[in-house]
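Before any comments, here is the structure.
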Amino acid sequence: MKEEELNFEKEQFSLTMIPGKFARSMRTCVIWQFIRFVIINVKMIIVVGKSH
Amino acid sequence: MARLVVLGGGVAGHTTATFAAKWLGSQHEVVVVTPNSKWNWIPSNIWVGVGQMTKEEVTFDLAPVYAKAGITFHQAKAVSINPEGSDSSEKPFVTIEYTEEGKAGETEVVEYDYLVNATGPKLNFDATPGLGDGNGQMGDNTVSVCTADHAVHASHKLAEAIEKMKGGTRQKFLIGTGHGMCTCQGAAFEYIFNIENELRKSGVRDMADIKWISNESFLGDFGMGGLHMKVGGYVVSSKLFAESLYAERSIDWLIGAHTSKVENGKVEYELLDGSKGEEEFDFAMLIPPFAGVGLKAYDKAGEDITGTVFAPNGFMKVDADYTAKPYAEWKASDWPRTYQNPTYSNMFAAGIAFAPPHLISKPMKSPNGTPINPTPPRTGMPSGIIGKAVAHSVCDLMTKGENAHLHEASMAEMGAACVASAGKGVFTGTAAAMTVYPVVPDFEKYPGTGRDTDYTFGEIGLAGHWIKHILHFLFIYKAKLNPGWTLIPE
C-alpha cells in the first residue's frame, strides 16, 4: 500500500485529500521551494502594501 | 508639551509608542505602561513550546529600547481610567499599579492628553473550570503557549511525555481550544503540527495518539468563518486544506466542541448537536478564551462608567457599529476604521484591546443554548497596522489640532499573513504559508467568497519555514528599533 493510502483506512480521513509522493517531494525540493519562496514573498508584500 | 500614554507593550502598543515617539520627537512626551519587562515575539512561542527555541530567543528587555527611543516606561498595569479627570484633577488620568520588583503594588496616577489602550487580552483561564487555577492563572491540568513562560513549561512537559513514550508508555495528546468562545485557533493549529513533527523526530510517533479539539464548526474556520484560497490552481475551502493536513499526519479531530471542564487527564465537552462527552489525555495544550484586562472607568464625579467605555467582554468600544443584528445583515462596514472611542475623542484602542462589532465566523449555539463559535482573531499583522494608524492619528491630533484627519485601518480592508510551521529545520519539515485578504470578508466587494482570491492563498512547503524564520528575526530586529526599523512593514 502506498504511504498516502494508509490513512484512508480511517473513516474520518476517507473523504479528505492526502498528498502523494510527488507532491510531498516538491514540498522539500530546495529549487522549487526557492521559486515558491520568491512568489509567496512578492504576494505577501502586495498584501502588506494593500493593507496600509 | 502634550502627553500620550500607551497602555500595553505588545505588538499594537509597541508599534504605537515607537512610531509616535519617532514622529513627535522631543516636542511631546510618550509614556508606555505595561506590566511586562520584556517584549515577546509571540508567534515563535510555538517553537519554545516544543523546545526548539529558548525564552531568551523570543524576548528582549523593553527598558533599554524605550530609553533609546525617549519613551517614558512604567512597568505597571493600568487599573482604571478617569477620562474626565476628577475632583482633584482637571486632566484625564490613568491609575497604574507597579509590577516591577521593588515597587510592586505601589499605585500612581499618570495624567494624559491622549490615551491608547493596547493592553491585549486577559487570558481568561478561569472561564473553564479546571483550565485555570481559580486565581486567574493557568491551572496544573494543561499547558499553554500564550506567553514565553507558558511555552517553556509546555516544552518541559512535552519532554517528559517523550521520555515516557521512549520507555514504552503510550501517550495521548489533546491540543486545541479550552472553551466554546476561544479565538487564536491558529496558534493551536501550528502547535499540534510542531508536536507531531517533534514526536516523529524523536522516533516515538507510533506511541502517540494526537487529537485536535476545537470550537470551530469545521476544520479551517480559524475564527474567520474559514476562507477560500488558491491552492495548486484551484480555489478551495480552508476546510479541505486543513482536513488534508490532519489526515496526512493521522491526527484525529473533534470540532464544534465547548470544553466545559478540565480535570487531571480528562476534559468534558459539549458539542454543537448538544451531546456531551469526555476525552482523556496525558498532555493537553488548550488555548484559553480572551477577555478585556478588566480596566475600570470613572467620570469626574467618581461614578463608574465602565459600561460606557467598554463592551461587556471588557474590550474598549471604538468607532464600530455595535448594533445587534442577525448574521445575514453583518457588513464589512460594521468594523472600525479609526479606533477612536465614541465617547472620549482623545482615547483610542488598538490590537486585541478594541471591541469587535461581532464575530466573523457564523454564530452557533448548541440546543442547550451554549454558544460554540470562535471569536474574531486579531493577529500580529492587523495589530501592528492598527497600532501604526492610531499613532499617526494621535500625532496629527497633537501637532495639527483636534480637527486633524484621522488615519484609517479597517480589518475589512487589510490582509493578514499566517505561517504555521511544522518543525524548525531549514531543509526539513514543512510549513503552511497562508495569506488572507481581507481579514473580515466583504461580500459586497467580493461576492462569492468575500475575499480576493488572488491574494488569499495557501501552500505547504519549506518556503514557509524560511519565511517564518525571516519574520522571527525581522520583527525582533524592528521591535528593538535597530537601524532602518521603520522600513520593515508591520
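Residue check: is B:Lys164 open to solvent by 10 Å² or more (accessible area, probe 1.4 Å) and not in a helix (DSSP H, G or I)? Give the derivation first.
Working: open to solvent by 10 Å² or more (accessible area, probe 1.4 Å): yes; not in a helix (DSSP H, G or I): no.
The answer is no for B:Lys164.
If only residues of the stretch B:241-271 that are among the aliphatic types (A, V, I, L, M) and touching a strand residue (DSSP E or B) at 6+ places or on another chain (Cβ under 8 Å) are counted, the one that is nearest to B:Lys211 (Cα to Cα) is B:Ile251.
Under the condition of being touching a helix residue (DSSP H, G or I) at 6+ places or on another chain (Cβ under 7 Å) and open to solvent by 20 Å² or more (accessible area, probe 1.4 Å), which residue from the stretch B:249-289 is farthest from the other protein chains (Cβ to nearest Cβ)? Residue satisfying both the conditions and the ranking: B:Asp282.
For residues in the stretch B:247-267 being charged (D, E, K, R) and either in a strand (DSSP E or B) or out of contact with any Asp or Glu (no Cβ under 9 Å at 6 or more places or on another chain) (or both), which is nearest to B:Gly225 (Cα to Cα)? Ranking the candidates gives B:Asp252 first. Are any residues in chain A loosely packed, with under 15 Cβ neighbours inside 10 Å, touching a Lys or Arg at 6+ places or on another chain (Cβ under 9 Å) and within 8 Å of another protein chain (Cβ to nearest Cβ), and if so, which ones? Listed by number, the list holds a single entry, A:His52.
Could you grab me the full set of residues in the stretch B:218-247 that are open to solvent by 40 Å² or more (accessible area, probe 1.4 Å) and either under 20 Å from the mean Cα position of the chain (by Cα) or under 23 Å from B:Glu280 (Cα atoms) (or both)?
Across the stretch B:218-247, the qualifying residue is only B:Phe218.
For the stretch B:204-216, state whether one or more residues are among the small types (Gly, Ala, Ser) and open to solvent by 10 Å² or more (accessible area, probe 1.4 Å).
Of all residues in the stretch B:204-216, those among the small types (Gly, Ala, Ser) come to B:208, B:214.
From what is left, the residues that are open to solvent by 10 Å² or more (accessible area, probe 1.4 Å) are none.
Checked the stretch B:204-216: no residue is among the small types (Gly, Ala, Ser) and open to solvent by 10 Å² or more (accessible area, probe 1.4 Å).
Every condition in (1) within 30 Å of B:Asp454 (Cβ to Cβ); (2) in contact (Cβ under 8 Å) with a residue 60 or more places away in the chain; (3) β-branched (Val, Ile, Thr) is met by B:Val236 except one, and the failing one is (2).
Does B:Ala63 satisfy the criteria of being out of contact with any helix residue (DSSP H, G or I) (no Cβ under 6 Å at 6 or more places or on another chain), crowded, with 24+ Cβ neighbours inside 10 Å and either modelled with pLDDT of 95 or more or not small (Gly, Ala, Ser) (or both)? Explain how you work it out, then say what you get.
On the way: out of contact with any helix residue (DSSP H, G or I) (no Cβ under 6 Å at 6 or more places or on another chain): yes; crowded, with 24+ Cβ neighbours inside 10 Å: no; either modelled with pLDDT of 95 or more or not small (Gly, Ala, Ser) (or both): yes.
No; evaluated as a whole, the condition is false for this residue.
Filtered by the rule that a residue be at pLDDT 90 or above, open to solvent by 40 Å² or more (accessible area, probe 1.4 Å) and more than 8 Å from every other protein chain (Cβ to nearest Cβ), the stretch B:406-445 gives B:His407, B:Glu408, B:Phe443, B:Glu444, B:Lys445. Only one entry in B:Thr183, B:Thr177 is modelled with pLDDT of 95 or more and either open to solvent by less than 50 Å² (accessible area, probe 1.4 Å) or within 16 Å of B:His258 (Cβ to Cβ) (or both), namely B:Thr177.
Residue check: B:Ala127 meets all listed conditions (1) buried (at least 22 other Cβ atoms within 10 Å of the Cβ); (2) of a type in the set (A, V, I, L, M, F, W, C); (3) closer than 28 Å to B:Gly314 by Cα but one, namely (1). So for the stretch B:383-397 (the condition being facing chain A (nearest Cβ under 10 Å) and over 22 Å from B:Thr18 (Cβ atoms)), does at least one residue qualify? For the stretch B:383-397, residues facing chain A (nearest Cβ under 10 Å) and over 22 Å from B:Thr18 (Cβ atoms): absent. Looking for something farther than 20 Å from B:Ser155 by Cβ, free of Cβ contacts under 8 Å to residues at least 12 places away in the same chain and not in a loop (DSSP other than H, G, I, E, B) - is there at least one such residue anywhere in the stretch B:181-204? The answer is no, given that none of the residues of the stretch B:181-204 is farther than 20 Å from B:Ser155 by Cβ, free of Cβ contacts under 8 Å to residues at least 12 places away in the same chain and not in a loop (DSSP other than H, G, I, E, B).
Let's see how each residue does on (1) part of a loop (DSSP other than H, G, I, E, B); (2) open to solvent by 20 Å² or more (accessible area, probe 1.4 Å); (3) farther than 20 Å from B:Val11 by Cα; (4) free of Cβ contacts under 8 Å to residues at least 24 places away in the same chain:
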site	(1), (2), (3), (4)
B:Thr308	no, yes, yes, no
B:Pro312	yes, yes, yes, yes
B:Asp319	yes, yes, yes, yes
B:Tyr322	yes, yes, yes, no
B:Ser333	no, yes, yes, no
B:Pro336	yes, no, no, no
B:Pro342	yes, yes, yes, no
B:Ser345	yes, yes, yes, no
B:Phe348	no, no, no, no
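Residues that are open to solvent by less than 40 Å² (accessible area, probe 1.4 Å), within 8 Å of another protein chain (Cβ to nearest Cβ), among the charged types (D, E, K, R) and assigned to a loop (DSSP other than H, G, I, E, B) occur at least once in the stretch B:468-490. Look at (1) hydroxyl-bearing (Ser, Thr, Tyr); (2) in a strand (DSSP E or B); (3) out of contact with any strand residue (DSSP E or B) (no Cβ under 9 Å at 6 or more places or on another chain) and you find that B:Ser80 fails only one, number (3). Please indicate, with yes or no, whether at least one residue in the stretch B:376-389 is touching a Cys at 6+ places or on another chain (Cβ under 8 Å) and open to solvent by 10 Å² or more (accessible area, probe 1.4 Å). Checked the stretch B:376-389: at least one residue is touching a Cys at 6+ places or on another chain (Cβ under 8 Å) and open to solvent by 10 Å² or more (accessible area, probe 1.4 Å). Does B:Tyr98 count as aromatic (Phe, Trp, Tyr), open to solvent by less than 70 Å² (accessible area, probe 1.4 Å) and free of Cβ contacts under 8 Å to residues at least 40 places away in the same chain? In short, yes. Among the residues of this structure, B:Tyr455 does not count as one that is without any contact (Cβ under 8 Å) to a residue 24 or more places away in the chain and in contact with a Lys or Arg (Cβ under 9 Å, 6 or more places away or on another chain). Output the residues belonging to the stretch B:205-240 that are part of a loop (DSSP other than H, G, I, E, B) and of a type in the set (Ser, Thr, Tyr). Scanning the stretch B:205-240 gives B:Ser214, B:Ser217.
If I filter the stretch B:383-399 for residues that are more than 18 Å from the chain's Cα centre (by Cα) and free of Cβ contacts under 8 Å to residues at least 24 places away in the same chain, do I get at least one hit? Yes: the stretch B:383-399 contains one or more residues that are more than 18 Å from the chain's Cα centre (by Cα) and free of Cβ contacts under 8 Å to residues at least 24 places away in the same chain. Of the residues in the stretch B:75-94, how many are open to solvent by less than 30 Å² (accessible area, probe 1.4 Å) and either touching a helix residue (DSSP H, G or I) at 6+ places or on another chain (Cβ under 6 Å) or not aliphatic (A, V, I, L, M) (or both)? Adding up the residues that qualify gives 8.
The values are calculated or read from the model by the stated rules, or taken from the named source; none is laboratory data. These figures come from a predicted structure and were not determined experimentally. Quick reminder, even Gly has a Cβ in these numbers, built from the backbone with ideal geometry, and neighbours come from all protein chains shown. Ligands, DNA and RNA are excluded from the accessible area calculation, which covers all protein heavy atoms including side chains. Shrake-Rupley method; radii C 1.70, N 1.55, O 1.52, S 1.80 Å.
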